[in-house]
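One structure is given here, and the rest of the page talks about it.
The values are calculated or read from the model by the stated rules, or taken from the named source; none is laboratory data. Because the structure is predicted, anything quoted here is derived from the model rather than measured. Every residue, glycine among them, receives a Cβ derived from its backbone with ideal geometry; neighbour counts consider all protein chains shown. Protein only, heavy atoms only, side chains kept; ligands, DNA and RNA dropped before computing areas. Shrake-Rupley method; radii C 1.70, N 1.55, O 1.52, S 1.80 Å.
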Amino acid sequence: MRPINRKLVRDLWRLRGQVIAVALVAMCGIATLVTMRGAYEALVRSQAAYYEAHRFADVFASVKRAPLTLLSRVREIPGVADADGRVVFDAMADIPGLDEPATTRLVSVPAVYRTGLNQVQIRRGRYIDPGARNEVLASEAFAVANQLNPGDAFDAVINGRREHLQIVGIAISPEYVNEARSDMFPDNRRFGIVWMEYAALAGALDMRESFNDVAVTLAPHAIEPEVINGMDRLLAPYGSLGAYGRENQSSHRLLQGEIAQDRVTANVMPAIFLAVAAFLIHNVLLRLTALQRGQIALLKSFGYDHFTIGMFYLKFAIAAVATGGVAGIALGAWMGAGLARMYINFFRLPDLEFVLGPRTSLMAVSVAVVAAAFGSILAIRRVLQLPPAEGMRPEAPAQFSAGLLNRIGLQRFMPVPLLMILRDLTRNPVKTFLSVLGIALSLSLLMLGRYSFDALDEIIRIQFRTAQRDDITLVFNELKGLEVVHDLAALPGVLRVEPFRAAPVKLKFRHREKRTAITGLYPRRELRQILDEDERPIELPVRGLTLTRHLAKVLGATNGDRVMVEFLDGRRRIADVEVTRIVDEMIGTSAYMDARALAAVLQDSEAATGAYLAIDPLTRTALYHQLKSTPGIASVFLRENMLQSFLKTVAENLYISTGVIILFACVIAAGIIYNSARIALSERAVELASLRILGFSRGAVGRLLLGQQALITLVAIPLGCGMGYLFAVWLSYLLSTDMFRLPVVVSGKTFLFSIVVVLVAALGSALLVWRKVQRLDLIEVLKTRE
């Protein structure tokens, strides 16, 4: 082994504490990169393969009723490769073992297996026999949630008649990778997809030789907006609700949202962790090269060139990062496999599997090497520029002058140890700033990890506790008059009924447009509130449109602007409506109007498409039983179940990923603080030894060193709190989607948790350094420098 390499091994062993700290930080960054990048690639790969193999459609449209012969004209639209007409109907179902009413979306399938678009894939059991009237396939997520198996049966109300349906198979489909009702979060126990043979479902709904839903695939190089416009013109006479592309299909949108979040996490979090690793390497090597300037000069005098010496310190950095990198790749592969298993329960993708590919491993190694190189180059370039003769002399003393404390006379009122600490910190401002910044970074990372918990708690408090106060939301099969309020009030246990009217619309402002629904609410509401910035309920203006802030941002509209509203049902009216208010909501992209104003714009009488109910918990079971057999109700939403669905879909994933980030942040905090303390000990070993010889006790010497670290930590805490809040603002922006937005809320618990972890890490590091101080060999230390 060459002498310089032996020196490298000795230095690595001598500074093993700092090397381990750097390795742990690098491990956290690499593990996060491997986990999230691997999960992102697994989702993208599985999605693409599944969509292609099972012919997932590109454009969708719903109509009231259209003849099957119309499909030939749909296929003639330029850009359309194939079209498939189906019957789709939401029916109330009585599922064995489930007290609450469930909603099943009945979707027709061809008589021949694996034909047409959006093909189902049998997971258990068999396909429906041609001509079988009551045989169905149940979606896998729905079946698993309700413990349904081939051979089981349930009742459903179809077209006012109670039908007994026999499950013959469990299936999945690319159209329902994630089974969500429109813009709602999935509730697999109370909402599921059920496939019936076309003839059986069309017969039950009196829609023989007809369809009410169409899906098309696009030809290569087709222009989607032109195809959508062509379909809208063709299907308008048949009660079309407007064609839309994949990006607005609920299952695909949820999956794309998860992919987008994984992409953000895979890029942002590893970048932060590895930047911290580079910062640590820079600090270690900056201090190490300053202490070894004489050795560097000696190596130069023996003929070693700048490149060889630079490579020595680069290899030192790479060795530290590589140690953490190997552990990080292994840990990331293990966590990625666990994340993939979690995704399988959330997204029904048949070939979803985490694979640690060479590309991800190479990326992780490359990023780690770049971080090591960046940190080391910045640290060693100044020392390498010194001539050998100058480098072999001790560093010239700094030009000290009277500081701020001396100029204002405060030094007279301070104890000598504190004065020594303050003078040392103020006369080495760069080193002090780097130490403060490192600890502040660790605290900000802890806050960043905890921030997601605060944001989710705020969403639950405002959306599910303050704005939504109903127990049950009913959605009707068709528009009903307001007399339905009296019918619902007569149901057992119903305490209050508040009707609403939802109208599917396309909002257009200038060159922007957005498909959504306008919810018309009646005055004097208690069960569904619209809140202002101070969380106070507001009444909707008697005229005009109220937009959520996110929807207004998407459209680029503000108060006073007139938005073109294209109603997608009924007589498909088009009207210009003024935006009169913008409110904050954290879930969905909604628009609201006073229900009477909505009826006026539609030139229609006041009506309802659903109702909010407050119920007596003691009669809940009787009400559920009644709703299961009540015709005219398409869907039933229970607020508490919606909350649990939200927690399962959004919060569960965030809790797991956030928990890992918090754990890693704790490791990083401990590594940074310990590193800072050990570097300070290395730098001041000669001074401390000199003080011991001059008569200072071990306790006095230790208090000088640890007091300096304590002061640095206390200064870093407010800076870290500010940086953590800015990180939270940034993460909220990056993770916001149409489905939900993270509010910028950082609780006192998060501040307290982060500060306590940093203080515990500082205390632990102080104890370790204190042991080093106690074992300080005075003679050896004094010999080393000179």
Looking at region 140-149, is at least one residue in a strand (DSSP E or B) and surrounded by 18 or more Cβ atoms within 10 Å (Cβ to Cβ)?
-> no
Determine, yes or no, whether Ser754 is in contact with a helix residue (DSSP H, G or I) (Cβ under 6 Å, 6 or more places away or on another chain), under 30 Å from Arg461 (Cα atoms) and either at pLDDT 75 or above or part of a helix (DSSP H, G or I) (or both).
-> yes
List the pairs whose first member sits in region 299-323 and is outside any helix (DSSP H, G or I), whose second member is of a type outside the set (Ser, Thr, Tyr), and whose Cβ atoms are under 8 Å apart, counting only residues at least 6 apart or on separate chains?
-> Tyr304/Ile4
Got a sec? Which of Asp206, Asp187, Asp152, Asp213 is surrounded by fewer than 20 Cβ atoms within 10 Å (Cβ to Cβ), in contact (Cβ under 8 Å) with a residue 24 or more places away in the chain and touching a Lys or Arg at 6+ places or on another chain (Cβ under 9 Å)?
-> Asp213
Residues of region 469-503 being under 33 Å from the mean Cα position of the chain (by Cα), assigned to a strand (DSSP E or B) and charged (D, E, K, R), in sequence order, are Arg501
Would a scan of region 608-629 turn up a residue that is out of contact with any His (no Cβ under 6 Å at 6 or more places or on another chain), under 21 Å from Leu551 (Cβ atoms) and either at pLDDT 85 or above or among the β-branched types (Val, Ile, Thr) (or both)?
-> yes
Looking at region 560-635, what strands (runs of 3 or more DSSP E) fall wholly within it and have at least 1 residues that are open to solvent by 20 Å² or more (accessible area, probe 1.4 Å) and over 28 Å from Arg461 (Cα atoms)?
-> 562-567, 574-583
Write out, first by first residue and then by second, each pair whose Cβ atoms fall under 6 Å of each other, whose residues are 6+ apart or on separate chains, and whose first residue, in region 55-67, is among the aliphatic types (A, V, I, L, M) while the second is surrounded by fewer than 20 Cβ atoms within 10 Å (Cβ to Cβ) and part of a strand (DSSP E or B).
-> Ala57/Thr217; Val59/Gly245
Considering each of Pro225, Pro237 in turn, give the residue that is without any contact (Cβ under 8 Å) to a residue 60 or more places away in the chain, more than 22 Å from Thr589 (Cβ to Cβ) and of a type outside the set (Ser, Thr, Tyr).
-> Pro237
Write out, first by first residue and then by second, each pair whose Cβ atoms fall under 9 Å of each other, whose residues are 6+ apart or on separate chains, and whose first residue, in region 746-759, is hydroxyl-bearing (Ser, Thr, Tyr) while the second is part of a helix (DSSP H, G or I) and surrounded by fewer than 18 Cβ atoms within 10 Å (Cβ to Cβ).
-> Ser747/Asp457; Ser747/Glu458
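For region 525-548, give me each residue that is open to solvent by 70 Å² or more (accessible area, probe 1.4 Å) and either within 18 Å of Val505 (Cβ to Cβ) or assigned to a strand (DSSP E or B) (or both). Please lay out each step first, then the result.
Narrowing region 525-548 to residues open to solvent by 70 Å² or more (accessible area, probe 1.4 Å): 526, 533-534, 536-537, 539, 542-543.
Listed by number, the residues that qualify are Pro537, Arg543.
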For region 449-464, enumerate the residues that are open to solvent by 10 Å² or more (accessible area, probe 1.4 Å) and among the hydrophobic types (A, V, I, L, M, F, W, C).
-> Phe453, Ile460, Ile462
Looking across region 117-136 at residues that are over 37 Å from the mean Cα position of the chain (by Cα) and of a type in the set (Lys, Arg), the single one that is nearest to Val177 (Cα to Cα) is Arg126
Out of Tyr50, Tyr40, report the one residue that is surrounded by 14 or more Cβ atoms within 10 Å (Cβ to Cβ) and at pLDDT 90 or above.
-> Tyr50
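Name the residue, out of Asp90, Asp129, Asp94, that is within 30 Å of Met231 (Cα to Cα) and not aliphatic (A, V, I, L, M). Full working, then the answer.
Numbers: Asp129 fails: within 30 Å of Met231 (Cα to Cα); Asp94 fails: within 30 Å of Met231 (Cα to Cα).
Matching residue, one of Asp90, Asp129, Asp94: Asp90.
Among Ile259, Ile172, Ile223, which is among the hydrophobic types (A, V, I, L, M, F, W, C), within 32 Å of the chain's Cα centre (by Cα) and surrounded by 21 or more Cβ atoms within 10 Å (Cβ to Cβ)?
Details: Ile259 fails: surrounded by 21 or more Cβ atoms within 10 Å (Cβ to Cβ); Ile223 fails: surrounded by 21 or more Cβ atoms within 10 Å (Cβ to Cβ).
The unique qualifying residue is Ile172.
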Conditions (1) at pLDDT below 75; (2) open to solvent by less than 10 Å² (accessible area, probe 1.4 Å); number of the one not met by Arg293 | (2)
What residue, of Gly160, Gly131, is in contact with a Pro (Cβ under 7 Å, 6 or more places away or on another chain), closer than 26 Å to Ser62 by Cα and open to solvent by 50 Å² or more (accessible area, probe 1.4 Å)?
-> Gly160
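Answer yes or no as to whether Lys553 is among the basic types (Lys, Arg) and touching a Lys or Arg at 6+ places or on another chain (Cβ under 8 Å).
Values: among the basic types (Lys, Arg): yes; touching a Lys or Arg at 6+ places or on another chain (Cβ under 8 Å): no.
No; evaluated as a whole, the condition is false for this residue.
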Log entry, pairs with first residue in region 512-537 being closer than 17 Å to Phe464 by Cα, second being assigned to a loop (DSSP other than H, G, I, E, B) and of a type in the set (S, T, N, Q), beta carbons closer than 6 Å, six or more apart or on different chains, reads Pro537/Gln529
Identify all residues within region 70-127 that are assigned to a helix (DSSP H, G or I) and either of a type in the set (Ser, Thr, Tyr) or at positive phi (or both); write none if there are none.
-> Ser72
